[in-house]
């Protein structure tokens, strides 16, 4: 028979998720402002990573004090959702409103082009 999660662990998980929300609010501007900024803004990316690290550390710390995996799962899911929202907002091009580049093409085509190794081997 599967065991039910501890009710208090779930309540603490929800409170920790709210704390994680406040951490993201402290480090990041609203999502609409991030979408209006330049695509892949280094300052926004750095702030998002800092918020992710602090929120993850807070979640792990409280979950270890409570000694409940349920608390970690609930609060961790909230951190993942908030981080996804900000990562998507950072990748949006303000001119097109999509994650594609200014020309409308895929961002994957020219973000990090590799050198032509045939030319290097021939030279």
In a Debye calculation with equal point scatterers on the alpha-carbon sites of the range 15-100 and no solvent, what is log10 I(q)/I(0) at q = 0.24 Å⁻¹? -1.04
Pseudo-spin-label distance residue 40 to residue 69, built 7 Å along Cα→Cβ, given in nm, is 3.9 nm
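Read-outs throughout are calculated quantities, based only on the coordinates presented, and are distinct from any laboratory measurement. Because the structure is predicted, anything quoted here is derived from the model rather than measured. When we count neighbours, we look across all protein chains shown, and the Cβ atoms used for this are built from the backbone with ideal geometry, even at glycine.
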